[in-house]
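Notes follow the structure.
The values are calculated or read from the model by the stated rules, or taken from the named source; none is laboratory data. On a predicted model such as this, the values are computed, not experimentally measured, just so you know. Virtual Cβ from ideal backbone geometry, glycine too; neighbours counted across all protein chains shown. Just so you know, the surface numbers come from the protein's heavy atoms only, side chains and all, with ligands and any DNA or RNA stripped out. Shrake-Rupley method; radii C 1.70, N 1.55, O 1.52, S 1.80 Å.
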Amino acid sequence: MGGYILCQIKRASMPYYIENISTNIYSIEELCYYFYHNIYLLDETILNEHLCDWIRKELGLERLYRRLYKILEDEQGTSEFILAVFKEINYLSHQEFKKLNENLNLIQQQPAVLREKKKGDYLLENKMYVNALRIYDNALRKRDKEGLGEQFNGGIYHNMGCAYMYLFQFEEAAECFLKAYGLLGTRQALKHYLTACCMMDEKSFPKVCQEMKAPDNMMEEIQTSLKEAGAQAPLPSASPEELLKQFIKDYHRSTGF
């Protein structure tokens, strides 16, 4: 998929709001683009009667509306719903459509809790940190991990730690990284835990390293990395007012509030 795709159907006067990534959709082309690039986020919170009604009212696609409504009524599944939307305007090439269909089939075969984690990963990548944390917490609460084991939980805790770090909640981040290290036992998990501890309280950082029996060079490695990161941070070129507006916009986007 490359270049520009001309809109074949009128744009909506009222957008369809996708809450989990705070995005407004104005056309069926934009909807297809979102579907294609956020495949793990597609569930009943998006693929529902509200979307069907929007397609009918705002885009005037009566035939597609009836087709999608029937898919929902007959519980034909997520894949049928998504593919019906793509078919409406031939958004994908034959090869792309075939590949998408294969990916959808593979996803349906994955354990539900794994799909939940993947959803959290997508939200984390899109800087929707609070929403990602909510999804990760839901995944951890599921009793049936379908044979994925404790390392799976360790991966979730690690990613939760990353989300908390981006939100500057270092204490929560350290707690998650510590749980991840207990389950994974990896050098990376230990390093991330110690990094969060250093950012939370630099004075007690050496003592924490000693308590965790960190490798001799890890404390210096973390301190050097943080200093280099601070030195390489770009100086702001915008006015304080513009920076504040951007910070507020980024905060709302990352938290969903």
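In the structure shown, do any of Lys179/Lys203; Lys99/Lys191; Lys142/Lys213; Lys119/Lys213 have a Cα-Cα gap over 29 Å, and if so which?
Distance filter (> 29 Å) returns Lys99/Lys191; Lys142/Lys213; Lys119/Lys213.
Per residue, the average separation of C-alpha pairs within less than 8 Å and at least 6 apart gives the chain a relative contact order of 14 percent. Per the Cα gyration tensor, the range 67-143 maps to an equivalent ellipsoid with semi-axes of 27, 16, 13 Å, ordered largest to smallest. Descending by average beta-carbon neighbour count within 10 Å, the peptides 22-31, 201-210, 182-191 line up as 22-31, 182-191, 201-210, the highest first. Using the Karplus relation 6.51 cos²θ - 1.76 cosθ + 1.60 with θ = phi - 60°, the per-residue 3J(HN,Hα) values for the range 77-90 come to x, 4, 4, 4, 4, 5, 5, 5, 5, 5, 5, 4, 10, 6 Hz, with x marking Gly and Pro. For the chain, the calculated P(r), taken from all Cα-Cα distances in 10 Å bins from zero up to the bin holding the longest distance, is 6, 23, 27, 22, 15, 6, 1 percent.
Its Cα centre serving as origin, the range 101-240 has a Cβ charge dipole (Lys and Arg +1, Asp and Glu -1) of approximately 340 debye.
So, with a 1.4 angstrom probe, what is the percent of accessible area on the chain that is carbon and sulfur? Using a 1.4 Å probe with all protein chains present, the chain comes out at 50 percent carbon and sulfur. Extension gain for Lys10 to Lys203 (0.36 nm times residue separation, less C-alpha to C-alpha distance): 63.5 nm. Each Lys and Arg contributes +1 and each Asp and Glu -1, all at the Cβ; summed about the Cα centre of the chain, the dipole is approximately 320 debye. Bridgeable aspartates and glutamates around Lys127 (alpha carbons under 12 Å apart, same-chain partners fewer than 8 residues away excluded): Asp250. I need the shape label for the range 1-122. Rule: rounded when a/c is under 1.5, else prolate if a/b > b/c, else oblate, with a, b, c from the alpha carbon gyration tensor. Since a/c stays below 1.5, the shape of the range 1-122 is classed as rounded.
For a straight C-alpha distance cut-off of 13 angstrom, the aspartates and glutamates reachable from Lys145 (same-chain residues fewer than eight places away being disregarded) are Glu116. Distance between the pseudo-spin-label points of Leu106 and Asp43 (7 Å out from Cα toward the beta carbon): 2.1 nm. Close amide H pairs (under 5 Å, H built 1.01 Å from N) link Thr23 with Ile18, residues at least 5 positions away or on another chain.
The 3J(HN,Hα) values that the Karplus relation (6.51, -1.76, 1.60; θ = phi - 60°) gives for the range 182-195 are, in residue order, x, 8, 9, x, 8, 4, 4, 4, 5, 4, 5, 4, 5, 4 Hz. Gly and Pro appear as x.
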